[in-house]
Amino acid sequence: VREIVLASRGVPPSQAAVALKAEPKLVVSISARHCHLTDEHVVKLFGPGSTLTPMKSLYQDGFYAAEQTVMLVGPKRKMLPTVRVLGPTRKASQVELAFTDGISLGIDLPVRPSGKIAGTPGCVLVGPAGAIELAEGVIRAERHVHMSFADADFFGVKDGDRMSLAIKGSCGTVFRDLLVRADATSKLEVHI
């Protein structure tokens, strides 16, 4: 990908080595099963006055894995006993699962960008103080790359574009059509 970007920008081979040294650091992360909750749902699940308690910071500044977990119950009464809650809270609650989680729960998971939950399946979330039924919001997160506007300029893309990630090595592969999520503050990170 680096070589293609540099060549497309007309960078001569002599300057390519310098450009590659200045290239942004890329982190590739696996997006494990988790959920995002609204403030209202945090209170319903964990009790009056409850807020999320940060347990571990995530790579993106300001985001964290919370101490709290919920039980997820699918349509066939199959369940996942501990689904980690990520913070901070959001405007809409949503659950992101792996393909195999969907099979075990009996949920046909649509692949969607995070936050695009209209028309998706729902589930029941159970916490120590109560339960909520989500009418929609259960997805398999689309592969995507977070980046700053400066990184987007470097790679010649903008928010909403698609790009590919080539992994070199003895078990190399290419992830095509990663959704670009560019904003002012994100660090360069791919979520697969």
- Matching residues in region 120-136 - criterion: being in contact with a Gly (Cβ under 9 Å, 6 or more places away or on another chain) and part of a strand (DSSP E or B): C123, V124, G127, G130, E133, L134
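For the condition crowded, with 19+ Cβ neighbours inside 10 Å and within 25 Å of F46 (Cα to Cα), what is the one hit in G115, G130, G122, G137? Can you show your working first?
Numbers: G115 fails: crowded, with 19+ Cβ neighbours inside 10 Å; G130 fails: crowded, with 19+ Cβ neighbours inside 10 Å; G122 fails: crowded, with 19+ Cβ neighbours inside 10 Å.
Going through G115, G130, G122, G137 in turn, the sole match is G137.
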- Listed by range, strands (runs of 3 or more DSSP E) wholly within region 14-80 having at least 2 residues that are touching a Pro at 6+ places or on another chain (Cβ under 6 Å), at pLDDT 95 or above and open to solvent by 30 Å² or more (accessible area, probe 1.4 Å) are 64-73
- Item | Odd one out for S104, checked against (1) modelled with pLDDT of 95 or more; (2) more than 23 Å from V190 (Cβ to Cβ); (3) surrounded by 13 or more Cβ atoms within 10 Å (Cβ to Cβ) | (1)
- Item | Every residue from region 156-184 that is at pLDDT below 95, in contact with a strand residue (DSSP E or B) (Cβ under 8 Å, 6 or more places away or on another chain) and not in a strand (DSSP E or B) | G172
- Task: Could you please find all residues in region 140-155 being open to solvent by less than 40 Å² (accessible area, probe 1.4 Å), farther than 19 Å from P110 by Cα and not in a strand (DSSP E or B)?
- Result: D151, A152, F155
- So V111 fits all but one of (1) touching a residue at least 40 places away in the same chain (Cβ under 8 Å); (2) within 27 Å of D183 (Cα to Cα); what number is the exception? (1)
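The values are calculated or read from the model by the stated rules, or taken from the named source; none is laboratory data. Since this is a predicted model, take the numbers as computed values, not measurements. Neighbour counts run over all protein chains shown; Cβ positions are idealised from the backbone, glycine included. Calculation scope for accessible area: heavy atoms of the full protein, side chains included, ligands and nucleic acids excluded. Shrake-Rupley method; radii C 1.70, N 1.55, O 1.52, S 1.80 Å.
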